[in-house]
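Quick notes on the structure that follows.
The values are calculated or read from the model by the stated rules, or taken from the named source; none is laboratory data. Every value quoted in this text rests on a predicted model; they were computed, and no experiment measured them. Cβ atoms come from the backbone with ideal geometry, glycine included; neighbour counts cover every protein chain shown.
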Amino acid sequence: MAVSETIVREFFELHGFWVHQRRKWVAPGGRDEEEIDFFVLQPHPPTSTGALPFVLAASDVARLARAVVVVKGGHTEIFSQARLESTPEIFRFLEPAVFQQATRFFGEGAAPLKLLVVPSLPQTAAARDRSLDLLRGKGVDAVIPFRTVLADLIARIESNRNYQKSDLLQTIRVLKTYDFLREPQMELFKPHRRPRKVAAEEPPPS
């Protein structure tokens with residue numbers, strides 16, 4: 001889980017947010033899920049945000065002013081309706097007693113966005129819509145897929161820069177330098193190999 005939180009933290013910091021980690025210790029009794037992972041604050045908030053989509057893209061993050069962030073890093077899990085309904089602890093951060101931590105931290109002003117970083121959503125449209133409707137109904141304001149976070153981090157890291165103050169960013173830089181990570185967009189423009197045409201056999205001489 002610590003790696004997942006580090007990735008999300010670096011993502012928000014690269015987007016210019018101040019990031020405050022609520023705590024670095026794990027609560028006893030396995031109730032770590034009820035805590036908020038991060039408070040994020042944009043020091044230069046956008047003047048007009050407009051309506052945000054429920055599933056955020058990396059480009060939407062610039063329109064956030066403040067948010068509480070909870071990271072769910074089970075990277076082999078799909079947040080289906082059944083998974084969400086069977087795991088109520090996912091939503092403990094929305095309980096009034098827990099969410100008061102955020103209001104005390106941010107003080108006066110607009111209420112922070114309640115943002116959930118999820119490992120994966122269902123592939124089919126109907127199943128995906130059921131999961132999103134359930135999340136909305138529980139009080140989540142927006143979700144961002146972990147794949148979106150990681151892809152944006154990789155795209156922003158430049159191989160000719162030294163990120164020695166961040167082990168994560170430096171690791172991504174080294175992997176890109178040695179071509180272990182490639183830009184997804186570049187793959188779109190790779191020429192496809194055409195199938196070789198088989199020459200027709202010449203008729204035998206008469």
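For Ala58, are the conditions met, namely being within 25 Å of Gly107 (Cβ to Cβ) and of a type outside the set (Lys, Arg)? Show your work before the answer.
Working: within 25 Å of Gly107 (Cβ to Cβ): no; of a type outside the set (Lys, Arg): yes.
So Ala58 fails the test.
Going residue by residue through the stretch 81-89, is there one that turns out to be touching a Leu at 6+ places or on another chain (Cβ under 9 Å) and in a loop (DSSP other than H, G, I, E, B)? No, the conditions are met nowhere in the stretch 81-89.
Within the stretch 18-54, restricting attention to residues that are outside any loop (DSSP other than H, G, I, E, B) and of a type in the set (Gly, Ala, Ser), the residue that is modelled with the lowest pLDDT is Gly30. Among the residues of the stretch 51-72, at least one is more than 18 Å from the chain's Cα centre (by Cα) and among the hydrophobic types (A, V, I, L, M, F, W, C).
Rundown of residues vs (1) over 19 Å from the mean Cα position of the chain (by Cα); (2) of a type in the set (D, E, K, R); (3) modelled with pLDDT under 95; (4) not assigned by TED's automatic domain parsing to the domain that holds Leu64, yes/no style:
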site	(1), (2), (3), (4)
Thr103	yes, no, yes, no
Gly109	yes, no, yes, no
Gln123	no, no, yes, no
Arg130	yes, yes, no, no
Val140	no, no, no, no
Val174	yes, no, yes, yes
Glu201	yes, yes, yes, yes
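The single condition from (1) closer than 15 Å to Val140 by Cα; (2) modelled with pLDDT of 90 or more; (3) in a helix (DSSP H, G or I) that Val68 fails is (3).
One residue is enough: does the stretch 89-102 have a residue meeting the conditions among the aliphatic types (A, V, I, L, M), in contact (Cβ under 8 Å) with a residue 12 or more places away in the chain, surrounded by fewer than 16 Cβ atoms within 10 Å (Cβ to Cβ) and closer than 19 Å to Phe17 by Cβ? No. Checking each residue in the stretch 90-109 for being of a type in the set (Gly, Ala, Ser) and assigned to a helix (DSSP H, G or I) picks out Ala97, Ala102. Restricting the first member to the stretch 3-23 and to residues that are under 18 Å from Arg156 (Cβ atoms) and touching a residue at least 12 places away in the same chain (Cβ under 8 Å), and the second to residues that are among the hydroxyl-bearing types (Ser, Thr, Tyr) and part of a loop (DSSP other than H, G, I, E, B), the beta-carbon pairs closer than 9 Å and six or more apart or on different chains are Thr6/Ser166; Glu10/Ser166.
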